[in-house]
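**Student:** Pasting a structure here, questions to come.
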Amino acid sequence: MKLNRKIRMGMVGGGEGAFIGAVHRIAAAIDSQVELVCGAFSSDAQRSIQSGRSLYLPEDRCYPDYETMMREEAKRPEGDRMDFVSIVTPNHVHFPAAKAALEAGFHVISDKPATFDLAEAKLLAALVEETGLKYGLTHNYTGYPMVKQARALVQGGEFGKVRKVVVEYPQGWLALPIEQDGQKQASWRTDPKRSGAAGCIGDIGTHAENLAEYVSGLRIQELAADLTTFVEGRLLDDDGNVLIRFEGGAKGVLHASQISVGEENSLNLRVYGEKGGLEWHQMEPNTLKVHRLDQPTQLYRPGNGYVAESAAQHSRLPAGHPEGYLEAFANIYRNFAADLASHMCGETAPDWASDYPKIEDGVRGMAFIEAVVQSARNNAQWTSLKI
């Protein structure tokens, strides 16, 4: 049985002036499987309603707050109410909004990190298990076709046992104290009451952590971290350097920074095994470099017949037509929607539909943040992740 309609999405956050909310709405719409039907777009009731109007939503589906949205949507007929909630708020709202949605019977997809702290993440994981509802996390960089190709090569044993993983995510946009001038994106990301215990490490370090684990197939066991706040007056870290020990003996280096002047969004990954390795750069996402012993470097590109099935399934265009950030983001929504549709029809989802980050990834991300902060406070002492 096939669901004969689009999946209906509600949104918490992402109103006028927000960046990531618009990205989520575009990504959700690309494959024509999801439609936005309602929202509570701001903590300010009037701004929330006005944001809904600007998106041409019906007046009675523009809610003043997410509590009202959950309550009123649950009252609507099953064929009319939203099916899932997309949470695109600052970090401190992720858990209460997700909890309210799950308790009202709605599935959830959330921006990362999953929650404000590890304790909330574990509570959320228990609630997801208890309700049996779907939960997705938008670590969108895992949606790129060449990231899928990289993972397939590692899983296929092309490089033998993985020995080393190097992942870096430098940005330069917080090199100056722009939060002190009211810059919206900087203000909440540098505020411990809204961002959590970490700044740079929570904001982009978790993306690096998730990408490293996804491609290598290995889990971080312990780490030694050095965090720095370079900008005077800033309350959270803006630079971090982490040594990593993976399960199975592999070693890693993770570097995240938001004060690296001149860097834009330079998420890069290298994985080295016994017989070769790979290299991928987010700012040139359609090229994967592959190295093998005593062979010239090979370049893999999406849309070609030689790529792995998982890479082909997450490509939309013929070879030579660039696919980027929005398409990768859309792959997360497409898979989540397909998994949700199968769930709603009582059917088993195809394998590719389950390929998106879930609550387990959210818990690992929060455990990573907690371990990094604890290690840094103890002069880079080796610290285990408390999953």
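**Student:** Identify all residues within region 319-341 that are surrounded by fewer than 19 Cβ atoms within 10 Å (Cβ to Cβ) and at negative phi; write none if there are none. Walk me through it before giving the result.
**Tutor:** We begin by selecting, within region 319-341, every residue surrounded by fewer than 19 Cβ atoms within 10 Å (Cβ to Cβ); these are 319-322, 324-326.
Correct list: ALA319, HIS321, PRO322, GLY324, TYR325, LEU326.
**Student:** Here is a further query. So which helices (runs of 4 or more DSSP H) stay within region 1-75 end to end and still have 1 or more residues that are touching a residue at least 60 places away in the same chain (Cβ under 8 Å), surrounded by 14 or more Cβ atoms within 10 Å (Cβ to Cβ) and in contact with a Ser or Thr (Cβ under 9 Å, 6 or more places away or on another chain)?
**Tutor:** The helices (runs of 4 or more DSSP H) meeting that bar are 20-29.
**Student:** Can you tell me which residues in region 345-386 are under 23 Å from THR115 (Cβ atoms) and surrounded by fewer than 17 Cβ atoms within 10 Å (Cβ to Cβ)?
**Tutor:** So in region 345-386, the residues under 23 Å from THR115 (Cβ atoms) come out as 354-377, 383-386.
If the condition is that a residue be under 23 Å from THR115 (Cβ atoms) and surrounded by fewer than 17 Cβ atoms within 10 Å (Cβ to Cβ), then SER354, GLU360, GLN374, ARG377, SER384, LYS386 are the ones that fit.
**Student:** Against the condition surrounded by fewer than 22 Cβ atoms within 10 Å (Cβ to Cβ) and within 23 Å of PHE95 (Cβ to Cβ), how does LYS275 come out, does it pass? Explain how you work it out, then say what you get.
**Tutor:** Numbers: surrounded by fewer than 22 Cβ atoms within 10 Å (Cβ to Cβ): yes; within 23 Å of PHE95 (Cβ to Cβ): no.
When the stated conditions are applied, LYS275 does not pass them.
**Student:** Hey, another quick one. Exactly one of these conditions fails for ALA312: (1) touching a Gly at 6+ places or on another chain (Cβ under 9 Å); (2) assigned to a loop (DSSP other than H, G, I, E, B). Give me its number.
**Tutor:** (2)
**Student:** Could we say that GLU264 is within 14 Å of MET146 (Cβ to Cβ), among the acidic types (Asp, Glu), at pLDDT 95 or above and not assigned by TED's automatic domain parsing to the domain that holds ALA22 here? Full working, then the answer.
**Tutor:** Numbers: within 14 Å of MET146 (Cβ to Cβ): no; among the acidic types (Asp, Glu): yes; at pLDDT 95 or above: yes; not assigned by TED's automatic domain parsing to the domain that holds ALA22: yes.
No: the conditions fail for GLU264.
Listed here are the residues, each with its yes/no results for (1) modelled with pLDDT under 95; (2) in contact with a Cys (Cβ under 9 Å, 6 or more places away or on another chain); (3) part of a helix (DSSP H, G or I); (4) not acidic (Asp, Glu).
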| site | (1), (2), (3), (4) |
| --- | --- |
| GLY202 | no, no, yes, yes |
| ALA208 | no, no, yes, yes |
| TYR214 | no, no, yes, yes |
| LEU218 | no, no, no, yes |
| GLN221 | no, no, no, yes |
| ALA225 | no, no, no, yes |
| ASP237 | no, yes, no, no |
| GLY240 | no, yes, no, yes |
| ILE244 | no, no, no, yes |
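**Student:** A follow-up question, please. Taking VAL85 as the residue in question, decide whether it is of a type in the set (Val, Ile, Thr), in contact (Cβ under 8 Å) with a residue 40 or more places away in the chain and surrounded by fewer than 24 Cβ atoms within 10 Å (Cβ to Cβ). Step through it out loud before you land on a result.
**Tutor:** On the way: of a type in the set (Val, Ile, Thr): yes; in contact (Cβ under 8 Å) with a residue 40 or more places away in the chain: yes; surrounded by fewer than 24 Cβ atoms within 10 Å (Cβ to Cβ): no.
Taking the combined requirement at face value, the residue does not satisfy it.
**Student:** Let me ask another. Only residues in region 276-292 that are at pLDDT 95 or above count as the first member; pair them with residues that are surrounded by fewer than 19 Cβ atoms within 10 Å (Cβ to Cβ) and among the aliphatic types (A, V, I, L, M), Cβ under 7 angstrom, at least 6 apart or cross-chain, and list the lot.
**Tutor:** GLY276/LEU293; THR287/LEU299; LYS289/LEU299
The values are calculated or read from the model by the stated rules, or taken from the named source; none is laboratory data. This structure is a prediction, so every number in the text was calculated from the model and none was measured. As a convention, Cβ positions derive from the backbone with ideal geometry for all residues, glycine included, and neighbour counts pool all protein chains shown.
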